[in-house]
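Quick notes on the structure that follows.
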Amino acid sequence: QVQLVESGGGLVQAGGSLRLSCAASGRTFSSYHMGWYRQAPGKDREFVAESRSGTSTVYADSVKGRFTISRDNAKNTVYLQMDNLKPEDTAIYYCNVQSSNRYYQYWGQGTQVTVSS
């Protein structure tokens, strides 16, 4: 049974930083894509960043240059370092893990990030 547990959310002032973590369990995830999505109030869930099963990373344009995704395969954990946060980054952030062929997909429970102006 796959479980994803996020941590690291909170309240921060604009310009500040937060680091989110997502610990995955239930299997080995080194061949999986691991990433983050977010959902702001009244908006659809949107893609933020992904660490692909190789070494490549992909970012939404809105976070490029401010957010950095990384992973530790030995710990089955993916991280999202968020710097220079803006009020528009306020959302619930969800960890997302997909099999290499994207046939299987798993979600975490979400962690709240609030950026005050």
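Residues in region 11-22 that are surrounded by 16 or more Cβ atoms within 10 Å (Cβ to Cβ) and either touching a residue at least 60 places away in the same chain (Cβ under 8 Å) or over 11 Å from the mean Cα position of the chain (by Cα) (or both): 12, 18, 20, 22. The single condition from (1) at negative phi; (2) open to solvent by less than 60 Å² (accessible area, probe 1.4 Å); (3) in contact with a Ser or Thr (Cβ under 7 Å, 6 or more places away or on another chain) that residue 8 fails is (1).
Once region 90-117 is narrowed to residues that are in contact (Cβ under 8 Å) with a residue 40 or more places away in the chain and outside any strand (DSSP E or B), the residue that is farthest from the chain's Cα centre (by Cα) is 117.
Got at least one residue in region 42-51 being out of contact with any helix residue (DSSP H, G or I) (no Cβ under 9 Å at 6 or more places or on another chain), aliphatic (A, V, I, L, M), open to solvent by less than 50 Å² (accessible area, probe 1.4 Å) and more than 25 Å from residue 115 (Cα to Cα)? No. Given the condition modelled with pLDDT of 95 or more and open to solvent by 40 Å² or more (accessible area, probe 1.4 Å), answer yes or no: does some residue in region 28-36 qualify? No: zero hits. Which one of these does residue 61 not meet: (1) part of a loop (DSSP other than H, G, I, E, B); (2) surrounded by 14 or more Cβ atoms within 10 Å (Cβ to Cβ); (3) at pLDDT 95 or above; (4) not polar (S, T, N, Q)? In the conditions (1) part of a loop (DSSP other than H, G, I, E, B); (2) surrounded by 14 or more Cβ atoms within 10 Å (Cβ to Cβ); (3) at pLDDT 95 or above; (4) not polar (S, T, N, Q), residue 61 misses (2) alone.
The values are calculated or read from the model by the stated rules, or taken from the named source; none is laboratory data. On a predicted model such as this, the values are computed, not experimentally measured, just so you know. Every residue, glycine as well, gets a Cβ built from its backbone with ideal geometry; the counts of neighbours run over all protein chains shown. These area figures cover heavy atoms from the full protein model, side chains too; ligands, DNA and RNA do not enter into them. Shrake-Rupley method; radii C 1.70, N 1.55, O 1.52, S 1.80 Å.
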